[in-house]
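K.L.:
Below is the structure I would like to discuss, written out as structure tokens.
The values are calculated or read from the model by the stated rules, or taken from the named source; none is laboratory data. In this text the structure is predicted, and so the values were computed from the model without any measurement. Reconstructed Cβ throughout: ideal geometry from the backbone, glycine too, with neighbour counts over all protein chains shown.
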Amino acid sequence: MKFSKRINLIQPSSTMALTSKANELKHKGEDIIVLTVGEPDFDTPNYIKDSAKKAIDEGLTKYTAIDGTAELKKSIIDKLKTENNLEYSSNEIIVSAGCKQSIFNFLQAVIDDGDEVIIPQPYWVSYADIVKYSGGIPVMLQTNYENNFDIDVTELENLINEKTKLFMINSPNNPSGKYYDSELLKKISSVLIKHTNILVSSDDIYEHIHWHAEKFHNILNVCPELKQRTVILNGVSKAYSMTGWRIGYAAGDKEIIKKMKTLQSQSTSCASSISQAAASTALNNTCHELPEMNKEYKKRHDFVVSELNKIDGVECKPTDGTFYVFPSFKDYLKENKLLSNDTELALYILEKAKVAVVPGSAFGIDNHIRISIAIDMDSLKEAMKRLNTSLS
Ligand code: GLU
């Protein structure tokens, strides 16, 4: 079979692939603790599930408008106003089947062959491949553990040229857990504001899983002048523990949204009607479970960070949010004669400790592993015990 050049440009998502491999081993009876996928272990709150049941009973089981139901779009507009202090109209919003589809549609709509997209590294696994699938060229902006994954704006400026089309922000960041505070966002925007052809994306999906001292800000909160060329990407998966419901959304200039809508009309038509009703309820009501879940993630984070730092050669700084920690194994790998990189390390951890993690290189940065803490405390305690024994 001769496949398209386009499909050969991309790889299976490593987070998804490693998770299915780990689950396969688990189903075969192996005692694997799966710390690969970033998926809340909590159940979707009851008030949200009830609203989905009601939607089914009321017959909300048909196609919806391509860009989302009027009800959900209104909930998103209200959310952006009250939580983010941003004003949008209905034709500036599109609902898709998960934030991943929103990102995919956005890039397909604006990236042309040869366009360059600047992505801070480490980045979420799908960013680079979605850029490639759109015909673009991912251009990496290096950040590092030692520098707390800070963005060097001089380096950002050096990467910009006439082919640069987009700069992608994801804060709090998957996998590093770094939050771009308003001071950093101001520095970034001082560069972007000068280059008027560059679009900006702000992936805010971890907005609520956040324990930095500053209240969540995105780039538009510090630089409203960028609004016309910035697209906000978000969804209900992470905050409301609704990964399987597949609801994400984008907010941005109406012409961009219109093109994303055209693409969606020729692909998935619309997101699930039932999930849209549930997502609207999630956003419209106070979710009492949200601070509880956040508190639990923070407790797990503190525990895992402290346990990892007990292992010789491993360093793990506290994060600002998300449900990942991203320890450095640089010294560990330097001393180790048998393992030469983080991919071998992740395999070794899987075989010896029966703990599944994602190597940092999947996120574009070596010598790290990503550990998801979206799992109950008992499993985390057992995983840390196993890691300590197998790595010492
Ligand atoms: N975003 C999550 C992760 O990084 C979910 C899996 C995926 O879509 O990559 O694990």
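K.L.:
From the list Ser126, Ser171, pick out the single residue that is touching a Lys or Arg at 6+ places or on another chain (Cβ under 9 Å), under 28 Å from Glu315 (Cα atoms) and surrounded by fewer than 21 Cβ atoms within 10 Å (Cβ to Cβ).
P.N.:
Ser126
K.L.:
Determine, yes or no, whether Leu159 is of a type outside the set (Ser, Thr, Tyr), closer than 24 Å to Leu80 by Cα and modelled with pLDDT of 95 or more.
P.N.:
For Leu159, the condition - of a type outside the set (Ser, Thr, Tyr), closer than 24 Å to Leu80 by Cα and modelled with pLDDT of 95 or more - is not met.
K.L.:
Would you confirm, using the coordinates I've provided, whether Tyr133 is among the aromatic types (Phe, Trp, Tyr), under 20 Å from Ala250 (Cβ atoms) and either touching a Ser or Thr at 6+ places or on another chain (Cβ under 9 Å) or within 16 Å of the ligand (Cβ to nearest atom) (or both)?
P.N.:
Judged against the criteria, Tyr133 is a match.
K.L.:
Please identify the pairs in which a residue from segment 6-25 that is more than 14 Å from the ligand (Cβ to nearest atom) has its Cβ atom under 6 Å from the Cβ atom of a residue that is not in a helix (DSSP H, G or I), counting only partners at least 6 apart or on another chain.
P.N.:
Close Cβ pairs (under 6 Å, with a partner that is not in a helix (DSSP H, G or I)) amount to Leu25/Ile32.
K.L.:
Could you say which residue among Pro45, Pro40 is out of contact with any strand residue (DSSP E or B) (no Cβ under 9 Å at 6 or more places or on another chain), within 15 Å of the ligand (Cβ to nearest atom), touching a residue at least 60 places away in the same chain (Cβ under 8 Å) and under 26 Å from Ser102 (Cβ atoms)?
P.N.:
Pro40
K.L.:
Is it the case, given these coordinates, that Met1 is over 16 Å from Ile375 (Cα atoms) and away from the ligand (no atom under 16 Å from the Cβ)?
P.N.:
It is true that Met1 is over 16 Å from Ile375 (Cα atoms) and away from the ligand (no atom under 16 Å from the Cβ).
K.L.:
Out of Asp113, Asp152, Asp181, Asp67, which single residue is more than 16 Å from the ligand (Cβ to nearest atom), acidic (Asp, Glu) and under 17 Å from Ala251 (Cβ atoms)?
P.N.:
Asp67
K.L.:
Tally up the residues in segment 219-243 that are buried (at least 24 other Cβ atoms within 10 Å of the Cβ) and more than 30 Å from Asp50 (Cβ to Cβ), please.
P.N.:
Number satisfying all stated conditions: 3.
K.L.:
Is there any pair linking a residue in segment 120-144 that is at positive phi and at pLDDT 95 or above to one that is of a type in the set (A, V, I, L, M, F, W, C) and away from the ligand (no atom under 11 Å from the Cβ), with Cβ under 8 Å and at least six apart or on different chains, and which?
P.N.:
Listed pairs, sorted by first residue: Gly135/Ile111.
K.L.:
What pairs come up if the first residue lies in segment 229-255 and is within 16 Å of the ligand (Cβ to nearest atom), the second is aromatic (Phe, Trp, Tyr) and part of a loop (DSSP other than H, G, I, E, B), and their beta carbons are under 8 Å apart, counting only those six or more places apart or on different chains?
P.N.:
If the second residue must be aromatic (Phe, Trp, Tyr) and part of a loop (DSSP other than H, G, I, E, B), the pairs left are Lys238/Tyr206; Lys238/Phe323; Ser241/Phe42.
K.L.:
Right, another one. If the Cβ limit is 9 Å and pairs must be 6+ apart or interchain, which residue in segment 160-175 that is touching a residue at least 60 places away in the same chain (Cβ under 8 Å) pairs with which residue that is among the aromatic types (Phe, Trp, Tyr) and in a strand (DSSP E or B)?
P.N.:
Qualifying pairs under 9 Å: Asn173/Tyr324; Asn174/Tyr324; Pro175/Tyr324.
K.L.:
Select from segment 369-388 the residues that are touching a Pro at 6+ places or on another chain (Cβ under 6 Å) and either assigned to a loop (DSSP other than H, G, I, E, B) or away from the ligand (no atom under 16 Å from the Cβ) (or both) and list them in ascending order.
P.N.:
Ala374
K.L.:
Follow-up question, since we're still on this one. Name, by its number, the condition in (1) closer than 22 Å to Ala128 by Cβ; (2) more than 14 Å from the ligand (Cβ to nearest atom); (3) surrounded by 24 or more Cβ atoms within 10 Å (Cβ to Cβ) that does not hold for Asp366.
P.N.:
(3)
K.L.:
Do you know which residues across segment 116-130 are polar (S, T, N, Q) and within 11 Å of the ligand (Cβ to nearest atom)?
P.N.:
Ser126
K.L.:
Looking only at residues that are within 18 Å of Val231 (Cα to Cα) and among the hydroxyl-bearing types (Ser, Thr, Tyr) in segment 162-178, which one is nearest to the ligand (Cβ to nearest atom)?
P.N.:
Per the stated criteria, the residue is Ser171.
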